[in-house]
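What follows is a set of notes on a single structure, which appears directly below.
Rule-based calculations on the coordinates, nothing more; no lab input. Nothing here was measured: the structure is a model prediction, and the numbers come from that model. Here the Cβ is made from the backbone with ideal geometry for all residues, glycine too, and neighbour counts use every protein chain on show.
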Amino acid sequence: MLHPLDAHCEPLLTDFRTRPGAVRLVMLVSPTCPPCVDGAFRAGGGLLSRIENPEFRCYFVWLPVLPADSEPAAVYNEAALKARRGRHYWDSEKRFSERIAAAMDVPLAWDMYLLYPRGDVTIDQPTFWMHQIDTDKAPRLDVDVLAERALGLLGAT
């Protein structure tokens, strides 16, 4: 089910806070941008398959960046990425994207993969992040490195 975000980025923020024992991956992606969709499938879907620990969670935040981006396009990707430990959101007004952009000092937060440790942490401060955008503030998406980091946060080898 695709959950629309309200002006306060709910229900994402509540979902994020109610899992303090989980390692969390939040992805901000366009539903029609091929590299974004590929990144969501590899980073989100792929890591959920590789990391069987029930305390690893993925939050897919789909947002309109390109002209073809729409809620139905996000629903299509959500259906293809069905995962027990994944939740999907539609950021129609890009409010969550703007919040993360301000926190990460980038013009627009999209095609970004944010990793959070266990504990009561703020969603504005990931412990590690990767991207497929034009910035030198973080490394480019490498799913193997992201998996290593996630497993390290989970205490696995």
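The figures follow:
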item: Positive-end residue, the chain charge dipole about Cα centroid, Cβ charges, pick of SER30, ALA83, ALA109; result: ALA83
item: Sum of side-chain charges, ASP91 neighbourhood, beta-carbon under 11 Å (Lys, Arg +1; Asp, Glu -1); result: -2
item: Expected 222 nm ellipticity per residue - DSSP helices of 4 or more, -39500 (n - 2.57), all of the chain, to 500; result: -8500 deg cm²/dmol
item: Residues listed by number, region 125-157, amide nitrogen under 14 Å from ASN53 label point at 7 Å toward C-beta; result: 146-157
item: 5 angstrom amide H check on VAL29, placed H, neighbours 5+ away; result: VAL61, TRP62, LEU63, ASP111
item: Antiparallel bridge percentage (DSSP; both residues within the chain; nearest 5); result: 35
item: Cysteines in the chain lacking a second Cys C-beta under 4.7 Å; result: CYS9, CYS58
